[in-house]
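What follows is a short report on a single structure.
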Amino acid sequence: MLGWSIPLFRIRGIQLSLHASFLLLLAYWADQGWQDEGWHGMRWSVALLLCFFACVVLHELGHCLTARRFGINTRRILLLPIGGMADMEEIPRQPSREIVMTLAGPAVNFVIAGALWLVVRHFKDDVPLYSPAGLLSELFLWNLVMGCFNLIPVFPMDGGRILRALLATRLPYVRATFWAASVGKVLAVAGIAVALWNQVWMVAVLFTFIFAVGEMEYRLVKRREMEAEHWQNWWGRQAAPTAETYPPG
Ligand SMILES: [Zn+2]
């Protein structure tokens, strides 16, 4: 399903791709604007969505360019209707590095929100929504929400990764991932229930997706650890490639 992507362009050597389903979101969003305010509303809605996804790309670049400082490359950033996904070569096993790399994403949103706040705070309370001022106000709010939402400790969202890194300072990596994924799954189920109760379907879909990806990533970490152990038994402890150096897949 992730194969349905349209390559856009490269940013600092990282391929930016758009998942085909993103176009559905764009169409839905354009239609909402059209129904509210005709052509003007449609243009405004599309502009807001594109600006917001530019912020999503900057968030992902925050992760990727910090990772590059630790020698980890990113193959591509994929834009999905529910947000961005960075396809990195690996996740660092050093908790301090994972924390710095993870915090860099939401930090980008808070910096953007801070910059927008300098402009937005001069606006009157009753700026019309479908105006440039309305667009900047929305963008300010969306960046704040995105920064905070990502810090909820639901693995593999940013907050969940930070929780895993903190646990990994005391537990073996796989156990730390297991507990972070378990906490994440409980919170994701709670998130789905709250979203369904309030009929916010998009958020329910988002938490369902996060639940599934969390489980997938935990299994991947476990599999790599088992493969590394297999090689250790095979070669003897000294010559064994560690989980760090063992190539994925
Ligand atoms: Zn992030």
Taking Trp179, is it more than 16 Å from the ligand (Cβ to nearest atom) and among the aromatic types (Phe, Trp, Tyr)?
yes
Any idea which of (1) in a helix (DSSP H, G or I); (2) of a type outside the set (Val, Ile, Thr); (3) over 16 Å from Pro92 (Cα atoms) is the one Leu167 doesn't satisfy?
(3)
Please work out which residue is modelled with the lowest pLDDT, limiting yourself to region 208-242 and to residues that are part of a helix (DSSP H, G or I) and of a type in the set (Lys, Arg).
Arg224
Options Gly33, Gly105: the member that is assigned by TED's automatic domain parsing to the domain that holds Gly147, surrounded by 19 or more Cβ atoms within 10 Å (Cβ to Cβ) and away from the ligand (no atom under 16 Å from the Cβ):
Gly33
Residues in region 143-153 that are more than 12 Å from the ligand (Cβ to nearest atom) and either crowded, with 20+ Cβ neighbours inside 10 Å or assigned to a loop (DSSP other than H, G, I, E, B) (or both): how many?
2
I'm told Ala113 meets every condition in (1) within 13 Å of the ligand (Cβ to nearest atom); (2) part of a helix (DSSP H, G or I); (3) small (Gly, Ala, Ser); (4) within 25 Å of Met202 (Cβ to Cβ) except one. Can you identify the failing condition by its number?
(1)
Can you confirm whether region 126-138 contains a residue that is in a helix (DSSP H, G or I), within 21 Å of the chain's Cα centre (by Cα) and of a type in the set (D, E, K, R)?
yes
Looking at (1) modelled with pLDDT under 90; (2) out of contact with any strand residue (DSSP E or B) (no Cβ under 6 Å at 6 or more places or on another chain), which is the only condition Met85 fails?
(2)
Pairs returned, first residue in region 95-118 that is more than 14 Å from Gly159 (Cβ to Cβ), second residue that is outside any helix (DSSP H, G or I) and of a type outside the set (D, E, K, R), beta-carbon separation under 8 angstrom, 6 or more apart or interchain, are Pro95/Thr169; Arg97/Phe70
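The values are calculated or read from the model by the stated rules, or taken from the named source; none is laboratory data. All values derive from a computational prediction rather than experimental measurement. Cβ: placed from backbone, ideal geometry, glycine included. Neighbour counts: every protein chain shown.
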